[in-house]
Amino acid sequence: MVLEKRLFFTSWVVILSIVTFILSLSGTFLVRSGILNSVHTFANDPERGIFILIFLFVLIFLSLIIFFVFHKENNKKIVKIYWLSKETSILVNNWFLMYFLSVVLIGTVYPIFLEVLSSEKISVGPPFYHKLIIPFLIPFLLFMSIGPNLNWIKSKIKKVRIEIIILFVISLLVSLLISRKIGSVNLINIVLISAAFYLFFITAKDFFSKKFKNYPQKISHFGFSLLILSILLNSIFSSEVITNLKVGEKFSFKEESITFESIENTKSKNYRSIIGHFKIEDKQKNSIQLKPELRIYDQPFTITSEADIKTTLYYDKFLVMNLVKGNEYFNVRYQFKPFMIWIWISTLLLIIGGIFSLFKRIYEK
Amino acid sequence: MKLLKIFLIIFFIFNFTQLNSVENNNELINKISKNIRCLICQGQSVYDSQSDFALSMKLVIEKKLNEGLKEKEIYEYLIDQYGQWITYDPEFNQKTLILWTLPILLFIIGGAIIFRKLIVLK
Amino acid sequence: MKNKILLFTIVLFFIFCFVILFKGLNNSNIYVPKTISEKTLVNFNSKDLFSEIEISSDQIFVGNEFYILNIWSSWCSPCRDEHPQLMQLSKNSSVKLIGLNYKDNPKNAKKFIDILGNPYSMIIIDENGTISIELGAYGVPETYIINKDKKIIKKFIGPLSEESIEEINLILK
């Protein structure tokens, strides 16, 4: 859709499409073949993995051949574009996203290469990804606030409207408030949170404005900013408690208390189940009931744990219990996750925006 | 463009701290066990796992904290016992040099390509 | 011409990736921590399985040329498999065989020994698994060969096989 408007960078777009497909196949390979230590692996031997690997690389080589033999860059229309334009912002967006992609890809695949080449095993996990992604996320969010509002080919720097400045100041204040509340006031936090809020306000402003021009884009961009914001707030304000409880015991922590009320034993077709009745009570004496379950299967003997989750617009409350070998008490894990549902809603918005733009194309034809 | 580069450099210099401040022993145990790999599980952290090894490991971490060891010292102790594989934060040494620098290198190369293309078109 | 060089390097790069990934598939996923240097056995406190008397490692690892520390549990089936090997080793009088009962129920442990025989000169218990972790173990069964200076000479992860026994016998000479 973007490509239609300007015949720029056709090679890049083609490469991007090919790479996307190849990477999704690589994902299947990495997860299912057993080459990485993963809970999703079901391969007991390298045979399945070898098959997927060969399939993957045949496709890679075919795509290379097709690209180099059949593609010719459309160089006929060389139009001047300026720095401050939509084309540049799309390029900058791609630039940052490719960086995030390379961080994830390298972090995942590097241990494999290192092990084969030097027999040394390392693990790459969240600390690595946080250190490399978060600093780049901030400029990315700020660019996303500016980009969609620029014109194709050229934009003049208009007088910055008052509303934009007000929104910027509000974002900063909100961010300071939140940083103060979590007790960790430093530059990275403040800037990251204000960037997320600022993007949110800007896209919300566009989303709720009555103009229907470019509506699918506004939906998608609003969905994206909502996604970033809800992930950020969720990770800041989540809390978790792990404790051992016997029936009748109560565990109190900062804002709430968990009471292990009773146990219920039932039997289903192919399993027995132990259901725990828990009461979660907050400071204002509001309480909810959560009933996590333990299922005991016979053929073969397996115990699985089913969590119970209560979802509202403001939070998700999650409770799971586990048997502790040879003891009367249960290991209870309770998680408080605010704004969880908004992560799902924002993804839905992104998808809706994509579908709408598809319909818009068909409609315009 | 220059503004962008300055922006990026400033963020590189700053120390990247966690988003939440840590309050007490319990939270510290959780924080450390999220960074330690459960060696007998398929890719779970000690924090997530309910296996024997993970449960014992949490007790050992608690014991070491009560003995007065700091977070960094606990990681060093575990790496000394079990090797680099047990921690999710790969240390920055000769072997992991490519790991840490390649993404940033690609970023700079990407920027250079875009820069040149835009100059040509201008 | 430039295009052809680019294509050639890309193809080479992908062949390289293919070879590495192929080799990676055949690598085992079990992690064996490398013991680069000989480590000294750390001091720990434990309880005897039968007498329930508290005892410390200084009191256990004294008076012999070699010690074999075997970590086992009644609920672990490879431990059952390696038991005959341990019974064989116990006949060697120059070595003191010590059993560390890992995260087990004392009744079940005693039953296990009653039925299969006791190869150990002493059995101590590790109720919550912390002693094993401080020794650098992470599962059952594991076997350590320790010399008179309390240095860990060799570590076996998993049940002892015929080859491991031969290795041990060589070391003990």
> How many residues, within the range B:84-95, are more than 7 Å from chain A (Cβ to nearest Cβ) and in a loop (DSSP other than H, G, I, E, B)?
Replying inline: 3
> If you take the residues of the range A:233-257 that are of a type in the set (A, V, I, L, M) and modelled with pLDDT under 90, which of them is surrounded by the fewest Cβ atoms within 10 Å (Cβ to Cβ)?
Replying inline: A:Val247
>> I'm trying to understand the selection: among the residues of the range A:253-302, which are free of Cβ contacts under 8 Å to residues at least 24 places away in the same chain, within 14 Å of A:Leu323 (Cβ to Cβ) and touching a Phe, Trp or Tyr at 6+ places or on another chain (Cβ under 8 Å)?
In response: none
> Taking the range C:1-28 as the search range and keeping residues that are under 35 Å from the mean Cα position of the chain (by Cα) and loosely packed, with under 13 Cβ neighbours inside 10 Å, which one is modelled with the highest pLDDT?
Replying inline: C:Val19
> Any idea which of A:Gln289, A:Gln284, A:Gln217 is outside any helix (DSSP H, G or I) and farther than 20 Å from A:Arg333 by Cα?
Replying inline: A:Gln284
> Can you pull out the residues in the range C:103-139 that are under 28 Å from B:Ser49 (Cβ atoms) and in contact with a helix residue (DSSP H, G or I) (Cβ under 6 Å, 6 or more places away or on another chain)?
Replying inline: C:Lys103, C:Asp126, C:Asn128, C:Gly129, C:Thr130, C:Ile133, C:Gly136, C:Tyr138
>> Please count how many residues of the range A:65-90 are β-branched (Val, Ile, Thr), at pLDDT below 75 and surrounded by 14 or more Cβ atoms within 10 Å (Cβ to Cβ).
In response: 1
>> Looking for something of a type in the set (Ser, Thr, Tyr), over 19 Å from C:Asp58 (Cβ atoms), surrounded by 15 or more Cβ atoms within 10 Å (Cβ to Cβ) and away from chain B (no Cβ under 14 Å) - is there at least one such residue anywhere in the range C:135-143?
In response: yes
> Which one is modelled with the highest pLDDT among residues in the range A:116-146 that are surrounded by fewer than 18 Cβ atoms within 10 Å (Cβ to Cβ) and of a type in the set (Gly, Ala, Ser)?
Replying inline: A:Ser118
>> Here are the criteria: (1) aliphatic (A, V, I, L, M); (2) buried (at least 19 other Cβ atoms within 10 Å of the Cβ); (3) in contact (Cβ under 8 Å) with a residue 60 or more places away in the chain. Tell me which single one A:Val324 does not satisfy.
In response: (2)
> Which of the residues belonging to the range A:111-146 are of a type in the set (Phe, Trp, Tyr) and more than 7 Å from every other protein chain (Cβ to nearest Cβ)?
Replying inline: A:Tyr129, A:Phe136, A:Phe140, A:Phe143
>> Can you tell me which residue is farthest from the other protein chains (Cβ to nearest Cβ) among those in the range A:200-248 that are under 18 Å from A:Ile90 (Cβ atoms) and of a type in the set (Val, Ile, Thr)?
In response: A:Thr203
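Conditions (1) assigned to a helix (DSSP H, G or I); (2) surrounded by 15 or more Cβ atoms within 10 Å (Cβ to Cβ); (3) in contact (Cβ under 8 Å) with a residue 12 or more places away in the chain, marked per residue:
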{"site": "B:Gly43", "(1), (2), (3)": "no, yes, no"}
{"site": "B:Tyr47", "(1), (2), (3)": "no, yes, yes"}
{"site": "B:Glu62", "(1), (2), (3)": "yes, yes, yes"}
{"site": "B:Leu65", "(1), (2), (3)": "yes, yes, yes"}
{"site": "B:Ile74", "(1), (2), (3)": "yes, yes, yes"}
{"site": "B:Ile98", "(1), (2), (3)": "yes, no, no"}
{"site": "B:Gly110", "(1), (2), (3)": "yes, yes, no"}
{"site": "B:Phe115", "(1), (2), (3)": "yes, no, yes"}
>> So if I check each of A:Asn327, A:Asn322, which one is of a type outside the set (Lys, Arg), within 14 Å of chain B (Cβ to nearest Cβ) and in a loop (DSSP other than H, G, I, E, B)?
In response: A:Asn327
> Only one of (1) under 30 Å from A:Phe143 (Cβ atoms); (2) modelled with pLDDT under 80; (3) among the β-branched types (Val, Ile, Thr) is not met by A:Val104, so which one is it?
Replying inline: (2)
> If you check C:Leu97 against the conditions, is it within 14 Å of chain B (Cβ to nearest Cβ), buried (at least 21 other Cβ atoms within 10 Å of the Cβ) and of a type outside the set (S, T, N, Q)?
Replying inline: no
>> Of everything in the range A:313-365, what is among the hydroxyl-bearing types (Ser, Thr, Tyr) and touching a Gly at 6+ places or on another chain (Cβ under 8 Å)? Give them in sequence order.
In response: A:Ser346, A:Thr347
> Quick one: in the range A:236-267, which of the residues that are in a strand (DSSP E or B) and of a type in the set (Val, Ile, Thr) is nearest to the chain's Cα centre (by Cα)?
Replying inline: A:Val241
>> Any residue that is part of a helix (DSSP H, G or I), surrounded by fewer than 18 Cβ atoms within 10 Å (Cβ to Cβ) and of a type in the set (Lys, Arg) - is there at least one of those in the range A:179-188?
In response: yes
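The values are calculated or read from the model by the stated rules, or taken from the named source; none is laboratory data. Computed from a predicted model, the values in this text were never measured in an experiment. Backbone-built Cβ (ideal geometry, glycine too); neighbour counts: all protein chains shown.
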